[in-house]
Amino acid sequence: MTIQKVVVTDFSFSDLDLEREAALECGAEFLEFQCRSATEVANAVAGAKVAVVQFAAFDASAAKEMAPNATVLRYGVGYDNIDTEAAASNNIAVGYVPDYCVSEVAEHAAAASLSLLRKLPSLDSSVRRGEWKSTSAGKGIKPFSECVFGFLGFGNIGRAVHSRLQGFGFKFLIVDPIIAKTGAEQGVEIASLDRLFRECDAISVHAPLNSETAGVVCAETLSKMKPNAVVVNASRGGIVVEADLAEALRAGTIGGAALDVFSEEPLPASSPLRDAPNLILSPHAAYYSDSAIGRLQKSVAEDIRRALSGQPPRCRIV
């Protein structure tokens, strides 16, 4: 009898005890790697019944290497690093964990937005320069009751941000094609993309990365924004054209930004974002809390058991 194989291609956790226990309980072999390239992933998953991917790219070459009727699991909410078409054509089920860090990402985005709207980074820098000029360093601050808060994408995380901000008195606009088809929801107003960028004092990005959203935050859309407006992205880096954002911040076209995700991670030393003013940077950490990591690994471990017993992933993509 052939022993089934479970492979973790890459991970950023302190241990894989839950995943290993799940595999061994089902009589499977368990292997762990830290793959950095698609070639390494393809080599690692050869013959695997289950592959678990965090940040590494799972492409068509990897899909061809896996065992028949295999399963690929993604540690996380997005899955743009997995070639889902290649997986489907090779009869590979793909699952992910969209619900493990909704609160954490929502709180990160809300905190970043409020900080930028109150110009805390600018005020902090002013004090550190030896100044004591609240009105000049804080010029452009508006009471939240006079601010329009926008959402580019209004799924589970966008809704969670909205629920956390409702008590501040914002007016809310959203752009979301799914909701546009089903009608407005209580407390928010559906808007066009053009109106979102023109009217909002803050825009929080919570859209998936796809052909429609890639590069949508760019020189053209940024040029429509108010000079004190801010952008927060805790979704996917490819939605923002980073060079355009850095230039807008330097030129004062917008008031500030906060980025937790980037087109290339880790952020390259040569990135124009590194010395852009009024910009909060974090290392793809919005998802993080000790509790969230535990929920993520527990969910993946359960999906490993499901896959090895012939069941589909709890949250299946293809």
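The values are calculated or read from the model by the stated rules, or taken from the named source; none is laboratory data. Note that the structure is a prediction, hence the values are computed from the model and not measured. Neighbour counts run over all protein chains shown; Cβ positions are idealised from the backbone, glycine included. Please note that ligands, DNA and RNA were not included when accessible areas were found on the heavy atoms of the full protein model with its side chains. Shrake-Rupley method; radii C 1.70, N 1.55, O 1.52, S 1.80 Å.
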Could you list, in sequence order, all residues of segment 138-175 that are closer than 20 Å to Ser103 by Cβ, open to solvent by less than 60 Å² (accessible area, probe 1.4 Å) and in a helix (DSSP H, G or I)? Ile157, Gly158, Ala160, Val161, His162, Leu165
Take the residues of segment 47-79 that are of a type in the set (Gly, Ala, Ser) and at positive phi: which is nearest to the chain's Cα centre (by Cα)? Gly76
State the number of residues belonging to segment 266-286 that are more than 21 Å from Asp124 (Cβ to Cβ), in contact with a helix residue (DSSP H, G or I) (Cβ under 7 Å, 6 or more places away or on another chain) and either open to solvent by 50 Å² or more (accessible area, probe 1.4 Å) or not polar (S, T, N, Q) (or both). 1
In segment 176-232, what residues are of a type in the set (Ser, Thr, Tyr) and either under 21 Å from Val261 (Cβ atoms) or surrounded by 15 or more Cβ atoms within 10 Å (Cβ to Cβ) (or both)? Ser204, Ser211, Thr213, Thr221
Under 8 Å by Cβ, and 6 or more places apart or on different chains, what pairs join a residue from segment 288-309 that is under 25 Å from Lys5 (Cβ atoms) and of a type outside the set (Gly, Ala, Ser) with one that is assigned to a helix (DSSP H, G or I) and open to solvent by 30 Å² or more (accessible area, probe 1.4 Å)? Gln297/Leu18; Lys298/Leu18; Val300/Leu18; Arg305/Glu25
Take Ile239 and tell me if it is over 20 Å from Asp80 (Cβ atoms) and of a type outside the set (Lys, Arg). no
Could you say whether any residue in segment 252-262 is under 26 Å from Asp99 (Cα atoms) and touching an Asp or Glu at 6+ places or on another chain (Cβ under 9 Å)? yes
What are the residues in segment 8-29 that are open to solvent by 30 Å² or more (accessible area, probe 1.4 Å) and outside any helix (DSSP H, G or I), if any? Phe11, Ser12, Ser14, Asp15, Cys26, Gly27, Glu29
Hits in segment 210-241 - residues which are over 12 Å from Leu152 (Cβ atoms) and either hydroxyl-bearing (Ser, Thr, Tyr) or modelled with pLDDT under 95 (or both): Asn210, Ser211, Ser223
Could you say whether any residue in segment 87-105 is surrounded by fewer than 18 Cβ atoms within 10 Å (Cβ to Cβ) and closer than 18 Å to His284 by Cβ? yes
Across segment 261-296, what is the number of residues that are part of a helix (DSSP H, G or I) and closer than 23 Å to Ser37 by Cα? 0
For a quick check of your reading of the model, give me the residue pairs whose first member lies in segment 3-20 and is farther than 21 Å from Asp290 by Cβ, whose second is among the basic types (Lys, Arg), with beta-carbon atoms closer than 7 Å and at least 6 apart or on different chains. Gln4/Lys49; Lys5/Lys49; Val6/Lys49
Among the residues of segment 30-51 satisfying the criterion of being aliphatic (A, V, I, L, M), out of contact with any helix residue (DSSP H, G or I) (no Cβ under 6 Å at 6 or more places or on another chain) and outside any helix (DSSP H, G or I), which is surrounded by the most Cβ atoms within 10 Å (Cβ to Cβ)? Ala51
